[in-house]
Amino acid sequence: MPDLVVAGAGMAGLVAAARARELGADVLVLEKGDRPGGSMLLSSGVVWRYRDWERFREECPGGDPELQHLVWERLGDDLAWLETLGASVVERETGNPLTTGLRLDPGKLTETLARRASEIRLREPLTELPEGMPVILATGGFQGNVDLVRRHITAEATNLVLRANPWSAGDGLRLALARGAALSAGLDEFYGRNLAAAPQISPGDFVPLAQVYAKHAGVENLRGEAYEPRTWSEIDVVQWTARQPAARARYIVPDAALREPVRDRTVADLIEAARRAGAPVEQRNGETVVEVVAGITTTLGGIRIDGRARAAEGLYAAGADAGGISTGGWSSALASALVLGKLAAEDAI
Ligand SMILES: Cc1cc2nc3c(=O)[nH]c(=O)nc-3n(C[C@H](O)[C@H](O)[C@H](O)COP(=O)(O)OP(=O)(O)OC[C@H]3O[C@@H](n4cnc5c(N)ncnc54)[C@H](O)[C@@H]3O)c2cc1C
């Protein structure tokens, strides 16, 4: 019998399993999908926190301050720990003056952690909680479950693009609630990106087709009703879009904004990617109109945990299964998965 069962071999689950093994435990990792890595493997790999604690609180005012502080305080040491395991650093800057962190190579990170996590049983979802041993739920949130997304987030659930692994469908949440765990704040919130509304969007398009320039554009829904973007991350824009007809919006970009930088590209580059993918892009006098569709990446509400990642007796949750950290805004899900996955393992062993 193992000392610990971990459900999910994504960011939080692999970190938890690697840490528990490092501490000498015998760990069994169950993974529903046909590969390890979860959504982390599809991600840009930027693991970050706000530079200033006060800014974190301002950006995510509804989040649990104890959990936020754990992530904020421990991230530097936990990233250093990942590096000692062999994580490959692509960049030591996030490219955002508000934040600090590392950009890691998701493929190499998955490989490194999976090697350290020992036994991972692929295509074996956790469907029931075993008795008599601690369990860490790290199943990655509920964005893959249309019914739950419809109930908690938007009536337009079937029109959203799932910008994530296909297996994270609320299994952890269901199991935890059955064991008496409580819900966190922010069940109706999610992180995602507005994507060019191309006829086909595959995982390789999740980053290149993201249209992250609402701040330089006029934003309206398909009925012509306008929205004023509020956040640097544009998380408010994608959450708004998700609740509009067909979960779609239009960005109206004045020619003067085309040269504006968006990370290592420009607004014009992103529009060109949209056009090449077959999304509706229309040239008008002095402006370009691009149709976008809301892509859901990670739910931000879920299981309520305490400062040791505990959801109930012998039951832990980490990563997107543990809600209530980014509530009201956006903070790195990879960062909270790292810090709370590691902490869960340390408490469980
Ligand atoms: C395109 C893209 C870019 C992103 N960029 C960033 C970024 O730069 N920075 C950032 O912080 N975040 C980013 N994210 C978000 C981040 O990748 C996820 O929020 C993060 O991976 C969540 O970690 P997790 O461990 O909770 O879930 P995951 O990494 O998704 O892992 C969950 C795992 O659980 C498995 N599972 C589901 N149900 C069960 C079950 N019943 N039993 C066993 N296993 C189960 C799933 O198959 C999956 O492997 C990005 C995501 C995407 C898709």
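The numbers here are math on the coordinates, done by the rules we state, and not lab data. Only a predicted model underlies this, so the values are computations on that prediction, with no experimental measurement involved. Cβ sites come from the backbone with ideal geometry, for glycine too, and all protein chains shown count toward neighbours.
Compared with the dominant principal axis of the Cα atoms in the chain, helix 11-22 is inclined by about 30°. Axis angle, to the nearest 10 degrees, between helix 267-276 and the longest C-alpha principal axis of the chain: 90 degrees. Backbone amide hydrogens, once placed in the peptide plane, bring PHE190 within less than 5 Å of LEU300, excluding anything fewer than 5 places away on its chain. Across the range 109-121, computed HN-Hα scalar couplings (Karplus, 6.51 cos²θ - 1.76 cosθ + 1.60, θ = phi - 60°) run 5, 4, 4, 4, 6, 4, 4, 7, 7, 6, 6, 10, 8 Hz from first to last residue, x flagging Gly and Pro. The long axis of helix 333-348 is offset from the longest Cα principal axis of the chain by roughly 10 degrees. Taking other residues whose beta carbon is less than 12 angstrom from the beta carbon of ASP26, and scoring Lys, Arg as +1 and Asp, Glu as -1, yields -1. Each of GLY101, HIS216, MET40 was scored by the projection of its Cα onto the charge dipole of the chain, and the greatest displacement toward the positive side belongs to HIS216; charges sit on the C-beta of Lys, Arg, Asp and Glu.
Please work out the C-alpha center-to-center distance from the range 254-302 to the range 304-329 and express it in whole Å. Rounded to whole Å, the Cα centres lie 34 Å apart. For the range 332-349 and the range 195-210, write down the distance between their C-alpha centroids in whole Å. Their Cα centres are 30 Å away from one another.
For a quick check of your reading of the filter: which GluC sites (Glu not before Pro) in the range 263-349 sit in a DSSP loop and have no more than 15 other Cβ atoms within 10 Å? Sparse-neighbourhood loop GluC sites (Glu not before Pro): GLU313. Peptides 321-328, 112-119, 26-33 ordered by packing proxy, namely the average of other Cβ atoms within 10 Å per residue, highest first: 321-328, 26-33, 112-119.
What does DSSP give for the chain in terms of the percent of beta bridges that are antiparallel, rounded to the nearest 5? Write out the running numbers ahead of the final one.
Working: 37 of 52 bridges.
In the chain, approximately 70 percent of DSSP beta bridges are antiparallel ones.
Distance between the 7 Å Cα→Cβ label points at HIS69 and GLU124: 4.0 nm. In straight-distance terms, cross-link reach from LYS108 covers every one of the lysines whose alpha-carbon lies under 21 Å from its own, apart from those fewer than eight places away in the same chain; here that gives LYS32, LYS342.
Please list 233-241, 47-55 highest first by mean number of surrounding beta-carbon atoms within 10 Å per residue. Mind dumping the intermediate values first?
Values: 233-241: 23.2, 47-55: 18.1.
In decreasing order of mean packing, 233-241, 47-55 become 233-241, 47-55.
Residues considered: ASP306, ASP77, ASP64. Largest GNM mean-square fluctuation over the chain, using C-alpha springs under 10 Å, is found at ASP77.
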